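Chemist: Submitted below is the structure of interest, expressed as structure tokens.
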Amino acid sequence: MLTPISLTVVCAALLLPAALADLQTERLLRGQEVLEQGQKALQQQLKVLQQSVDAVRAALGACPAGWDEHDGNCFRLFDEELTADGAAEACRVHDRRARLASTDNVSRPHVHGLVDASQHHRAWIGLRLEEDGWIWSDGHALESGDSDWLSGQPDDNGGERCVMYDNSARYGGWTKGWADERCVLTAAFVCQIKLRC
């Protein structure tokens, strides 16, 4: 016959493994929470560190990570497909000094090459039709004779005021060059940072 004391010992012996398992589960869950909080804190610190590195690179006149340097400029093709205005804003979000690419005879082949080497056939550049004519995103006017328009372009067909570099077959064969388009269309885009004036 079991005495009340021995019955208590038997019950405690039977309940102890379940209580230990619950305690272990609780400790594991707390540990997981601590690890997740630590991971979030490390990700935030890494983001701050990358911003600091980019700021130092900028102060030294170097391109941010992931950007190509060419002739005193940094260029980067972004795969996200946005409207022309969305692309212009995205450039500034990626780096406060950035804008849609303004090209000249020296940088144009590099910018076109970024698009040609990608899976994209079209990308926004920083040329737009304003009241004063075709103006680059850095504020200077497109000089006559310094352009890369596709045949029949610009045609301002239905409010086409923004410009894409196009290397598709849309304009009669595999030609490469500029096409004026409606600014609300979406495409990849090329951003630029000038390292010197």
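The values are calculated or read from the model by the stated rules, or taken from the named source; none is laboratory data. Predicted model only: the values in this text are computed from it and were never measured. For neighbour counting, all protein chains shown are included, and Cβ atoms are generated from backbone atoms with ideal geometry for every residue, glycine included.
Conditions tested, residue by residue: (1) in the same structural domain as Leu77 (by TED's automatic domain parsing); (2) among the aliphatic types (A, V, I, L, M); (3) at pLDDT 80 or above.
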position: Ala12; (1), (2), (3): no, yes, no
position: Ala21; (1), (2), (3): no, yes, no
position: Thr25; (1), (2), (3): no, no, no
position: Gln45; (1), (2), (3): no, no, yes
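Chemist: Looking at the range 99-122, is at least one residue β-branched (Val, Ile, Thr), farther than 15 Å from Ala188 by Cβ and not assigned by TED's automatic domain parsing to the domain that holds Trp178?
Modeler: no
Chemist: Here is a follow-up. Of the residues Glu131, Glu69, Glu81, only one is surrounded by 12 or more Cβ atoms within 10 Å (Cβ to Cβ) and closer than 22 Å to Cys183 by Cα; which?
Modeler: Checking each option against the conditions leaves just Glu81.
Chemist: Next up: Looking at (1) at pLDDT below 95; (2) more than 20 Å from Gly66 (Cα to Cα); (3) within 22 Å of the chain's Cα centre (by Cα); (4) exposed (fewer than 12 other Cβ atoms within 10 Å of the Cβ), which is the one condition that is false for Gln119?
Modeler: (2)
Chemist: Could you count how many residues in the range 90-116 are assigned to a helix (DSSP H, G or I), surrounded by 14 or more Cβ atoms within 10 Å (Cβ to Cβ) and within 12 Å of the chain's Cα centre (by Cα)?
Modeler: Matching residues across the range 90-116 total 3.
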